[in-house]
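In what follows, a structure is listed as structure tokens, so that the remarks can point back to it.
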């Protein structure tokens with residue numbers, strides 16, 4: 001099973017940071033799937049106006065070539 005190379009990961013990160021600037025400088029956690037796809041999870045902690053913490057999650061599924069197949073975000 002092939003993992004994403006550094007240049008492919010950098011290109012994916014650049015696209016994600018352009019479309020989701022709130023995740024800029026957040027490094028993703030990589031999980032390889034058995035079908036050759038990779039799931040990248042970007043996680044960031046924020047606070048509401050009244051000071052309560054919450055997590056922002058961005059889940060990105062990519063293929064072995066580094067093409068983004070699916071993006072899902074939590075609010």
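Quick note: the coordinates plus some simple rules give every number you see, no bench work behind them. Because the structure is predicted, anything quoted here is derived from the model rather than measured.
Helical runs assigned H by DSSP (4 residues or longer) give the chain a calculated mean residue ellipticity at 222 nm of -6000 deg cm²/dmol, each run adding -39500 (n - 2.57) before division by the residue total. For residue 73 and residue 39, the difference between the fully extended length at 0.36 nm per residue and the C-alpha to C-alpha distance is 10.9 nm.
With the contact rule set at Cα under 8 Å and sequence spacing of 6 or more, what percent relative contact order holds for the chain? It would help to have the intermediate numbers written out before the result.
On the way: 114 pairs, mean separation 19.3, N = 75.
So the answer I get is 26 percent.
Specify which labelled value, from [x] 13.0; [y] 17.8; [z] 12.1, agrees with Kirkwood radius over Cα pairs in Å derived from the coordinates of the model shown. Checked against the structure: label [x].
Helix 6-19 and the longest principal axis of the Cα set of the chain meet at an angle near 40°.
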